[in-house]
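The values are calculated or read from the model by the stated rules, or taken from the named source; none is laboratory data. None of the values given here were measured: they were computed from a predicted structure. Positions of Cβ are backbone-derived with ideal geometry, glycine not excepted, and every protein chain shown enters the neighbour counts.
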């Protein structure tokens, strides 16, 4: 009978150990996805879009919209809405994933630059922070940064600039999934272009 009890205890111990290991592995993978921003590495495409005002002769220049889609893709959706608003203002827009060749090219050719992505742990995704730290825009370029998340995040955490930055952010948008993205992106673009 003692042997039977010892076997039962070992079996229970193995089950508890297996559950603990599964939880540990899940936690490590989950945290690495968030902190290493794995989703950013899938954002490699670029679209070159013409202004919707082009047929009527309204042309305002070029704009670059760079996005990190995040785990849910919500930041990509906001980037698309911002792109539509810029096109309506007469801009040729390059909509680029943050790991695309367009995003890593010389940004000085764009008078308007927008970058955004998810907010993890109350701050911008590491890919957005890295992009801003290497950004070399033309003097006078209008730069906007947006962050998508449900955290109560301050603007300086949505658009963190390195200490030695030679440019400033003109417009910042922090948007949660409960807000009207169409209205918020239109207001963001209006503020950016004003």
Exercise for the section: Report yes if residue 52 is surrounded by fewer than 20 Cβ atoms within 10 Å (Cβ to Cβ), without any contact (Cβ under 8 Å) to a residue 24 or more places away in the chain and more than 22 Å from residue 174 (Cα to Cα), otherwise no. Expected result: no
Exercise for the section: State the number of residues belonging to the stretch 174-194 that are at pLDDT below 90 and surrounded by 12 or more Cβ atoms within 10 Å (Cβ to Cβ). Expected result: 5
Fill in the blank from the handout: By residue number, the members of the stretch 98-131 that are part of a strand (DSSP E or B) and free of Cβ contacts under 8 Å to residues at least 40 places away in the same chain are 123, 124
Completion exercise
In the stretch 180-194, residues that are touching a residue at least 60 places away in the same chain (Cβ under 8 Å) and in a loop (DSSP other than H, G, I, E, B) total 0
Exercise for the section: Examine the stretch 154-165 for a residue that is closer than 16 Å to residue 192 by Cα, touching a strand residue (DSSP E or B) at 6+ places or on another chain (Cβ under 6 Å) and surrounded by fewer than 17 Cβ atoms within 10 Å (Cβ to Cβ), and state whether such a residue exists. Expected result: yes
Practice task
Taking only the stretch 69-97 into account, find how many residues are in a loop (DSSP other than H, G, I, E, B) and within 21 Å of residue 141 (Cα to Cα).
Solution key: 2
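This table checks each residue for (1) assigned to a loop (DSSP other than H, G, I, E, B); (2) more than 20 Å from residue 71 (Cβ to Cβ); (3) outside the structural domain of residue 83 (by TED's automatic domain parsing).
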{"site": "133", "(1), (2), (3)": "no, yes, no"}
{"site": "138", "(1), (2), (3)": "yes, yes, no"}
{"site": "143", "(1), (2), (3)": "no, yes, no"}
{"site": "178", "(1), (2), (3)": "yes, no, no"}
Handout entry: Output for the stretch 65-103, where each listed residue is over 14 Å from the mean Cα position of the chain (by Cα) and under 20 Å from residue 147 (Cα atoms)
Key = 83, 84, 85, 86, 93, 94
Practice task
Say whether the condition of being at pLDDT 90 or above and part of a loop (DSSP other than H, G, I, E, B) is met by at least one residue in the stretch 150-163.
Solution key: no
